[in-house]
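First up is the structure itself, then whatever we jot down about it.
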Amino acid sequence: MALRHAILAALSRGKPRTGYDLNASFNDVNDRAWHASPSQVYSELTKMESRGLIEISERNERGRTSYVISDAGYDELRRWLLHDQPDHGVRDDAALRLLNLWVLQRDEAEYLLDAEVAFQRQRHFSLSHLLDNWEDEREDHDSPVWRNRRALYTLWLRQTSLTLDWLEQLREVLTDPDASVAAVMPHAEHATRR
């Protein structure tokens with residue numbers, strides 16, 4: 001997935017967005033689909049406008065520019081959705097750190113584990129709050145765009161719950177050298193389904 005597709009997807013929701021708005025959404029802890037730096041976003045917006053994928057909908061006197069998706073942008077978004085294979089490779093810095101906790105002293109490993117638990121708890125709280133207040137915070141909460149997003153946020157909430165369970169199991173494995181990993185963390189086919 002290229003950054004342009006993330007921008008096109010964001011603009012396809014029908015609301016003009018500024019580079020600032022896009023940066024905020026790409027760096028939202030609840031939105032795990034794409035992350036980008038401000039310089040990447042602004043550079044890509046310039047390229048996309050020159051290619052005709054987006055159009056300027058408004059530019060105010062302070063230079064703040066709002067963009068909308070063009071017909072060519074919708075065509076590119078549809079082409080990408082239907083014809084490009086998704087990249088299932090994930091670069092996950094947190095998972096790489098957890099994979100290598102064995103390199104650290106026990107107290108150092110616990111520190112990293114505590115930090116990841118705190119992050120996941122915050123994400124869980126934030127996603128729960130978002131979903132609990134979904135209809136109150138969106139006039140068009142039942143539109144296809146928001147129904148799809150709500151379903152995805154529900155998936156992310158479930159994944160976060162599962163991650164928190166797994167982190168507690170990992171803590172048990174790390175603190176008890178005699179604990180059987182297979183017993184503490186049963187393989188998916190042996191785990192009970194919730």
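Numerical summary
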quantity	calculated
Residues that are in contact (Cβ under 8 Å) with a residue 12 or more places away in the chain, farther than 25 Å from L157 by Cβ and open to solvent by 60 Å² or more (accessible area, probe 1.4 Å), drawn from the stretch 17-47	Y20, P38, Q40, Y42, K47
Flag for G89 being on the phi > 0 side of the Ramachandran plot and either free of Cβ contacts under 8 Å to residues at least 12 places away in the same chain or open to solvent by less than 40 Å² (accessible area, probe 1.4 Å) (or both)	no
Residue list for the stretch 106-119, filter: over 20 Å from L157 (Cα atoms) and surrounded by 15 or more Cβ atoms within 10 Å (Cβ to Cβ)	A109, E110, L112
All positions within the stretch 120-135 that are open to solvent by 50 Å² or more (accessible area, probe 1.4 Å) and either hydrophobic (A, V, I, L, M, F, W, C) or modelled with pLDDT of 85 or more (or both)	R121, Q122, H124, F125, H129, D132
Which listed residue, of S50, S70, is farther than 25 Å from S126 by Cα, open to solvent by 80 Å² or more (accessible area, probe 1.4 Å), over 18 Å from the mean Cα position of the chain (by Cα) and not hydrophobic (A, V, I, L, M, F, W, C)	S50
In the stretch 14-65, the residues that are more than 24 Å from E139 (Cβ to Cβ), polar (S, T, N, Q) and part of a loop (DSSP other than H, G, I, E, B)	N27, S37, N60
Conditions (1) within 20 Å of the chain's Cα centre (by Cα); (2) in a helix (DSSP H, G or I): number failed by A182	(1)
Single match in R121, R158, R147 (criterion: part of a helix (DSSP H, G or I), out of contact with any Leu (no Cβ under 9 Å at 6 or more places or on another chain) and within 30 Å of P186 (Cα to Cα))	R158
Residue satisfying all of: in the stretch 66-100; part of a loop (DSSP other than H, G, I, E, B) and over 30 Å from L174 (Cα atoms); modelled with the lowest pLDDT among these	D87
Condition check for V103: farther than 22 Å from L157 by Cα and either of a type outside the set (K, R) or exposed (fewer than 10 other Cβ atoms within 10 Å of the Cβ) (or both)	yes
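The values are calculated or read from the model by the stated rules, or taken from the named source; none is laboratory data. Remember, it's a predicted structure, so these values are computed and weren't measured experimentally. Positions of Cβ are backbone-derived with ideal geometry, glycine not excepted, and every protein chain shown enters the neighbour counts. The protein model used for the area step is the full one, side chains on, heavy atoms only, and it has no ligands, DNA or RNA in it. Shrake-Rupley method; radii C 1.70, N 1.55, O 1.52, S 1.80 Å.
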